[in-house]
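What follows is calculated from the coordinates using simple rules that are stated; it is not laboratory data. For clarity, every value in this text was computed on a predicted model and none was experimentally measured. Cβ coordinates were reconstructed from backbone atoms using ideal geometry, including for glycine residues, and neighbour counts include every protein chain displayed.
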Amino acid sequence: MVRADGVCKNFGALQVLKGIDLEVNRGEVACLIGPSGSGKSTFLRCVNHLEVVNAGRLVVDGDLIGYRERNGKLYEMSPKDAARQRRDIGMVFQHFNLFPHRTVLENVIEAPVQVARKPKDQAVERARDLLSKVGLASKADAYPAQLSGGQQQRVAIARALAMDPKLMLFDEPTSALDPELVGDVLDVMRELAASGMTMLVVTHEMGFAREVADQLVFMDGGVVVEKGDPRELLSNPQHERTKGFLSKLL
Ligand code: ADP
Ligand code: MG
């Protein structure tokens, strides 16, 4: 579902991604860990085409992200094509990013109605279904500010799912939450993984990674230092940098 080959990204002179190689199969969950500033968010943003890579190839479901290939040459994609590509990829951020002046239900139907041009009654029906899946059926008419952080994050997940994405990206979805609210969000993500969704998750919830991930990827300084089976990697890291990082997490 996702294949990164030598993905590089610079911001001016700052080289943030220095050749990322990564593969996530359909239905798999990959967790991404690494120190702050190692390029994890930038990588997710590249996968979602919020950033355009400078070198290397990023392919999602057979689709080259950000570029069109014509006669063996690569051309940067039009904003319209980019938006279309992004529609199939759901993203959940650390800080929820809900529309504050819209109700929970309105947040969830926004993209299906405005972007995908789905009939409103269908969008509402699907939104209610998704809200009950994330345990928030009773909050449909509430405003984001009336919800806890954990509830807001579950709305954000429902909102992303409303576009029927083939891939879900999570960027530290529980890092901004009070500890007692983390569990409910992880439960929703666990169920989503069990339903067969392909997921790329930046998280430092090692219990989640150990239990749910098919693959754990340790990034540092813009490269993948080490990746593999989560239990294996956590109990027997091969690189000093991985060992150092994990020892600080525990
Ligand atoms: P992580 O998510 O692993 O903490 P990021 O991908 O957010 O790391 O950031 C990696 C590096 O890229 C940091 O040094 C950050 O300051 C830099 N960076 C990220 N986005 C931008 C940007 N839009 N412009 C300039 N530098 C950026
Ligand atoms: Mg980040």
Please build a GNM for the chain, connecting alpha carbons under 10 Å apart, and tell me which residue among Leu167, Leu32, Leu105 fluctuates the most.
Leu105
Summed residue charge, Cβ within 13 Å of Glu211's Cβ, Lys/Arg positive, Asp/Glu negative:
-2
Cut-off under 17 Å on the C-alpha distance; same-chain residues fewer than 8 positions from Lys243 excluded. Which lysines are left, in chain and number order?
Lys227
Can you give me the relative contact order of segment 2-247 as a percent, contacts being Cα pairs under 8 Å and 6 or more apart?
27
So for the chain, taking the charge dipole from beta-carbon charges (+1 Lys/Arg, -1 Asp/Glu), which of Gln15, Val212, Leu74 sits furthest toward the positive end?
Leu74
The ³J(HN,Hα) series, computed from each phi in segment 116-127 with the Karplus coefficients 6.51, -1.76 and 1.60 at θ = phi - 60°, rounded to the nearest Hz and given as x for glycine or proline, is 8, 6, 7, x, 4, 5, 5, 5, 5, 4, 5, 5
At 7 Å along the Cα-to-beta-carbon direction for both Glu76 and Phe99, put a label point, then send me their distance in nm to one decimal.
2.9
Could you line up Asp178, Asp21 from fewest to most neighbouring Cβ atoms inside 10 Å?
Asp178, Asp21
What share of the DSSP beta bridges in the chain is antiparallel, in percent to the nearest 5?
60
Dividing the helical contributions, -39500 (n - 2.57) per DSSP H run of n ≥ 4, by the residues of the chain yields a 222 nm value, nearest 500 deg cm²/dmol, of -11000 deg cm²/dmol
Lysines whose Cα lies under 19 Å from that of Lys133, excluding same-chain neighbours fewer than 8 positions away
Lys166
Rg ratio (alpha-carbon, reference 2.2 N^0.38 Å) - the chain
1.02
If you put +1 on each Lys and Arg Cβ and -1 on each Asp and Glu Cβ, how big is the dipole of the chain around its Cα centre, in Debye rounded to 20?
720
What is the set of long-range amide H partners of Glu28 at a cut-off below 5 Å, with H atoms built 1.01 Å from backbone N?
Met199
Sort Phe218, Phe99, Phe93 by Cβ crowding within 10 Å, fewest neighbours at the top.
Phe99, Phe93, Phe218
